[in-house]
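Below: one structure, written as structure tokens.
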Amino acid sequence: MKKGQITTFAIIGIVLVAAVLLILYLRGQFFFGPVTPATLGDKLQGISEHVTTCVQETAPDYIKRIGLQGGHLKTPEDTYRLREDIPISYLCYNIPDSPTCSNRLLLRSDMEKELGIAIDQALAGCFDLGKFGRGYELSTSGKRKINVSIGDAVVTVDIFLPIVLRKGEVQIDEDTFTTNFNYPLGELYEVSQDIINREAELGEFDQLSYMLAKRGRYIIEKDKPYPDKFYQLRTTDSTYIFQFFVEGEPN
């Protein structure tokens, strides 16, 4: 076989491969054959995966950070103390001339609200639904809403985003996209409240007795960087951390 013939066959092969790749690409972008709810559903699945990927890329950072910062993403002046360059919140404030402290009253709903706002802002730079509107009509209605629910072992992020796909007379829609994260934020929050309530009532908390009473479910580290108290909480089956300060009074 001559050299020129080999070159010709190579060029033909490249063209065929390119044609196959182009066909596969076009099949992913446009519809071939009859449009049915099932074919539209395949497109909607791609959108759902895009939304879920964005949530998975943005939400964990904030869920972890709110635990490291003692239940708050925003830490105004005089509400925290730095430890290893992390602004860790005071969850119980000093009462002058008293061994007890004043409970700051952190609520789950407070954390859920802060997380929802932060995740919503982060998602704005990730969503790109425009790339899906090819070969059919894609529309959204209403404002995107984020709802975060903190369970004991799972943090759930619900994205309310009404999406309608239409091709001719066929239409399907979806409005809620849910992603779960296996972080024991709620469980550790409850432990922190047990500690804070004891500090507010008695001015002291015995972590060893508490860990024994809970059958070793929790690891509670306690430190006393003057004049405060520092608590770091973990479950034995997770690396997730919730930590906070109890404010003390300088001598």
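Annotations
- In terms of its C-alpha gyration tensor, segment 184-251 comes out prolate, because a/c is 1.5 or above and the ratio a/b outweighs b/c.
- Taking a straight line from the alpha carbon of Lys131, these aspartates and glutamates sit under 20 Å away, with near neighbours fewer than eight places off in the same chain left out: Asp42, Glu49, Glu57, Asp173, Glu174, Asp175.
- Under 5 Å, built H, 5+ apart or other chain: amide partners of Arg104: Cys92, Tyr93
- Most tightly packed first, judged by the mean number of other beta-carbon atoms within 10 Å of their residues, the peptides 164-171, 148-155 read 148-155, 164-171.
- Packing rank of 177-184, 120-127, 43-50, 87-94, where each peptide gets the mean count of other beta carbons within 10 Å, highest leading: 87-94, 177-184, 43-50, 120-127
- Residues whose amide H comes within less than 5 Å of that of Gly203, counting only those at least five positions distant or on another chain, are Cys101 (H built at 1.01 Å from N in the peptide plane).
- Rounded to the nearest 20 debye, the dipole size of segment 125-206 about its Cα centre is 960 debye, using +1 on the Cβ of Lys and Arg and -1 on the Cβ of Asp and Glu.
- For segment 233-247, putting each phi into the Karplus relation 6.51 cos²θ - 1.76 cosθ + 1.60 with θ = phi - 60° gives couplings of 10, 8, 8, 6, 10, 8, 8, 5, 10, 10, 9, 6, 10, 10, 6 Hz, in residue order, rounded to whole numbers and with x for Gly and Pro.
- If a spin label sat at a point 7 angstrom from the Cα of Ser238 along the line to its beta carbon, the backbone N atoms of segment 56-98 nearer than 11 Å would be those of 64, 67.
- Legend: residue pairs Lys113/Lys143; Lys74/Lys214; Lys43/Lys145; Lys43/Lys143, Cα-Cα distance threshold 24 Å; pairs beyond threshold, Lys74/Lys214.
- Sites Thr52 and Ser102, calculated FRET efficiency, Cβ-Cβ separation with R0 45 Å, nearest 0.05: 0.60
- Pairwise label distance in nanometres, Ile95 with Asp110, each label 7 Å out on the Cα-Cβ vector: 1.8 nm
Read-outs: derived from the displayed coordinates by stated rules, not from any lab. Computed from a prediction, not measured in an experiment: that's the story for all the values here. Cβ coordinates were reconstructed from backbone atoms using ideal geometry, including for glycine residues, and neighbour counts include every protein chain displayed.
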